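Worksheet for the structure shown next.
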Amino acid sequence: MTKKQFQAESKRLLEMMINSIYSQKEIFLRELISNSSDAIDKIYYKALTDESLNFDQDNYYIKVEADKESRTLKITDTGIGMTKEELENNLGTIAKSGSLAFKNENELKDGHDIIGQFGVGFYSAFMVADVVSVTTRALGSDVAYRWESEGADGYTIEEAPKETIGTEITLKIKENTEDETYDEYLEEHRIKGIIKKYSDFIRYPIKMDVTGQRPKEGSEDNEFEEYTEEQTINSMVPIWRKNKNELTDEDYENFYQEKHYGFDKPTKHIHISVDGAVRYNAILFIPEKMPFDFYSPEFEKGLELYSSGVLIMNKCADLLPDYFSFVKGMVDSEDLSLNISREILQHDRQLKLIAKNIKNKIKSQLQSLLKDEREKYEQFFETFGRQLKYGVYSDFGQHKEDLQDLIMFYSSKEKKLVTLAEYVERMPEDQKYIYYASGESHDRIEKLPQTEIVLDKGYEILYFTDEIDEFAIKMLMSYKEKEFKSVSSGDLGIEDEKEDQSETEQNESKELFDTMKDILSGKVKDVRASKRLKSHPVCISTEGDVSIEMEKILKAMPN
Ligand code: ADP
Ligand code: MG
């Protein structure tokens, strides 16, 4: 039989897995079980939407069996199975193709990092196994196939006997080495522990033959006998159906990881149970780190959508506004139809209600994070704040009510991020405007001559270093009836007693100014004596609404 080669990226990933120094090798079981669960979801969904199939819950399960003698660990499922083509495509290539392409070579060398970062799925089996074989029969197929691989040098696919629909994965567990033990992955107790830890909420039973001791029947002198019985290891209650009070932060973190929402620890989880006009449960997460592809065209926002516990869509974009696109998680509702198509879903009244409700929850949770855990919020804002500012700007400021209290800017006074509410709160009575200065960096802004007169008055200045900042506040226009004012705008609204003096200067030096204007012809509109300079000889200012920084950006934008 000829060996087929893995696709290049898969091979690299596989090599990493084989030589893995990743400390959490145990996650391979989580990955295989989650694939089995996905496969059962698929057949379940088919049965629910296809009259000709019937789904008997009892016939659907995952079974884990260890055999110390042959050093094998077997994971069997009654899921949808794979055709020969699917075997080839799914196990010969990385499903999430492209994710590796984002990583540079150096990052790739550090296997630890990458395994931690991706849900690498199936290949993680090679962290603990020398040989992996997958025997599978697809729904609707009479033939079954076996895929087998000893690692990076390729795989084989051949026909194999299998009576039932589903997939059976056999791992030949590695021998212990000097620094690593693998025996534990054949120990009943250890395997049970791993299943409990990562896969407890899987909705299908994960069964194991468990040995125990019991008093020997009919025996009088406390004799015991060994017996084996099939047990279901997981509690099967999905985490989102559980009571918040029963769950720990760790439970949510494990769920986050098992779902591959991110490789970081979430900053915050939001668990919602609504039983009103529309009924749904949701678990949402605000990630700590930005996904590596967040600003790439490949990034897709959205939440997983379940209808009564059955996954109907992986990324339902309609559930999240763009400005909350960083939110990860899932929604389960019994009020949605299983057969719903993407197009219908967009107009679904229930879904719209859920989306609105979710938006408000996220907003209020962010508000409470800001109020109660300021440092965490600032960290969050450093990472995703830009998204919120884009939100203020987008759709002609339609979302400003939602977002204006969540955005922050760096303050000249506090030397850290502050909210608009905090700024306005501190404003001296004679201050008319919210002042801001735009520039490349805090340093640059601090050197702007235009800031001096404002700071001198004891007024606070917000530093705009992000391109979007000024556009966003142009949409806001004002906050609590205070308008925004750039320090480089013509009229600063600061009363100045030097007024007359600059008038006089203007007349006295008219000739000089005219000469300067000639030299700078076309570049400036006018050269004038300024009343706003203190220690700097000259500054550039603008008339009207568009600041110098904005002009730069507008000029750079493609037409
Ligand atoms: P992911 O689960 O993120 O897609 P994996 O590497 O875990 O990536 O799995 C790759 C693909 O192989 C899956 O998407 C699925 O199509 C297929 N697959 C893996 N395990 C099974 C299984 N037990 N039954 C059916 N298909 C499976
Ligand atoms: Mg998977």
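The values are calculated or read from the model by the stated rules, or taken from the named source; none is laboratory data. Because the structure is a prediction, the values reported are computed rather than measured. Quick reminder, even Gly has a Cβ in these numbers, built from the backbone with ideal geometry, and neighbours come from all protein chains shown.
Taking the criterion of being among the hydroxyl-bearing types (Ser, Thr, Tyr), over 25 Å from residue 158 (Cα atoms) and touching a helix residue (DSSP H, G or I) at 6+ places or on another chain (Cβ under 7 Å), the residues of region 1-33 that qualify are 20, 22.
Regarding residue 368, is this residue surrounded by fewer than 13 Cβ atoms within 10 Å (Cβ to Cβ), of a type in the set (Ser, Thr, Tyr) and part of a helix (DSSP H, G or I)? Can you show your working first?
Numbers: surrounded by fewer than 13 Cβ atoms within 10 Å (Cβ to Cβ): yes; of a type in the set (Ser, Thr, Tyr): yes; part of a helix (DSSP H, G or I): yes.
For residue 368, the condition - surrounded by fewer than 13 Cβ atoms within 10 Å (Cβ to Cβ), of a type in the set (Ser, Thr, Tyr) and part of a helix (DSSP H, G or I) - is met.
Going by the conditions given, is residue 451 crowded, with 21+ Cβ neighbours inside 10 Å, out of contact with any Phe, Trp or Tyr (no Cβ under 8 Å at 6 or more places or on another chain) and without any contact (Cβ under 8 Å) to a residue 60 or more places away in the chain? Against the criterion (crowded, with 21+ Cβ neighbours inside 10 Å, out of contact with any Phe, Trp or Tyr (no Cβ under 8 Å at 6 or more places or on another chain) and without any contact (Cβ under 8 Å) to a residue 60 or more places away in the chain), residue 451 qualifies.
Is it fair to say residue 385 is crowded, with 22+ Cβ neighbours inside 10 Å, among the small types (Gly, Ala, Ser) and either part of a helix (DSSP H, G or I) or in contact with a helix residue (DSSP H, G or I) (Cβ under 9 Å, 6 or more places away or on another chain) (or both)? The answer is no for residue 385. Among the residues of region 294-331, which ones are among the hydroxyl-bearing types (Ser, Thr, Tyr), over 18 Å from residue 366 (Cα atoms) and in a loop (DSSP other than H, G, I, E, B)? Listed by number, the residues that qualify are 295, 296, 308.
Examine region 184-202 for a residue that is crowded, with 19+ Cβ neighbours inside 10 Å, of a type in the set (Val, Ile, Thr) and assigned to a loop (DSSP other than H, G, I, E, B), and state whether such a residue exists. Within region 184-202 (the criterion being crowded, with 19+ Cβ neighbours inside 10 Å, of a type in the set (Val, Ile, Thr) and assigned to a loop (DSSP other than H, G, I, E, B)), the answer is yes, since at least one residue qualifies.
On the basis of being away from ligand 1 (no atom under 15 Å from the Cβ) and either part of a helix (DSSP H, G or I) or modelled with pLDDT of 90 or more (or both), does residue 39 make the cut? Taking the combined requirement at face value, the residue does not satisfy it. So in region 259-300, with the set limited to residues that are surrounded by fewer than 16 Cβ atoms within 10 Å (Cβ to Cβ) and under 24 Å from residue 348 (Cβ atoms), which one is nearest to ligand 1 (Cβ to nearest atom)? Only one residue fits best here, namely 300.
It is to be established whether one or more residues within region 10-18 are within 10 Å of ligand 1 (Cβ to nearest atom), within 25 Å of the chain's Cα centre (by Cα) and under 25 Å from residue 141 (Cβ atoms). Yes, region 10-18 contains at least one residue that is within 10 Å of ligand 1 (Cβ to nearest atom), within 25 Å of the chain's Cα centre (by Cα) and under 25 Å from residue 141 (Cβ atoms).
Results for (1) within 16 Å of ligand 2 (Cβ to nearest atom); (2) touching a strand residue (DSSP E or B) at 6+ places or on another chain (Cβ under 9 Å), shown as yes or no for each residue.
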position: 23; (1), (2): no, no
position: 32; (1), (2): yes, yes
position: 55; (1), (2): no, no
position: 58; (1), (2): no, no
position: 62; (1), (2): yes, yes
position: 69; (1), (2): no, no
position: 84; (1), (2): no, yes
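For the residues 56, 113, the requirement of being away from ligand 1 (no atom under 13 Å from the Cβ), exposed (fewer than 14 other Cβ atoms within 10 Å of the Cβ) and either modelled with pLDDT under 90 or more than 30 Å from residue 309 (Cα to Cα) (or both) singles out 56.
For (1) under 20 Å from residue 332 (Cβ atoms); (2) part of a strand (DSSP E or B), each residue gets a yes or a no:
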position: 217; (1), (2): no, no
position: 222; (1), (2): no, no
position: 254; (1), (2): yes, no
position: 261; (1), (2): yes, no
position: 265; (1), (2): no, no
position: 270; (1), (2): yes, yes
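Reported count of residues in region 19-36, each being part of a loop (DSSP other than H, G, I, E, B) and either under 24 Å from the mean Cα position of the chain (by Cα) or buried (at least 18 other Cβ atoms within 10 Å of the Cβ) (or both), is 6.
Restricting attention to region 380-389, does a residue exist that is hydrophobic (A, V, I, L, M, F, W, C) and without any contact (Cβ under 8 Å) to a residue 40 or more places away in the chain? Lay out the reasoning, then the answer.
The initial filter retains those residues of region 380-389 that are hydrophobic (A, V, I, L, M, F, W, C), namely 380-381, 384, 388.
Narrowing the set further to residues that are without any contact (Cβ under 8 Å) to a residue 40 or more places away in the chain leaves 381.
Yes; the residues of region 380-389 include at least one that is hydrophobic (A, V, I, L, M, F, W, C) and without any contact (Cβ under 8 Å) to a residue 40 or more places away in the chain.
Is it true that some residue in region 194-205 is modelled with pLDDT of 95 or more and among the hydrophobic types (A, V, I, L, M, F, W, C)?
no
One residue stands out in region 170-189 among those that are in contact with a helix residue (DSSP H, G or I) (Cβ under 6 Å, 6 or more places away or on another chain) and in contact (Cβ under 8 Å) with a residue 60 or more places away in the chain: the one that is farthest from ligand 2 (Cβ to nearest atom), namely 173.
The lone criterion from (1) hydrophobic (A, V, I, L, M, F, W, C); (2) outside any strand (DSSP E or B); (3) away from ligand 1 (no atom under 15 Å from the Cβ) left unmet by residue 66 is number (2).
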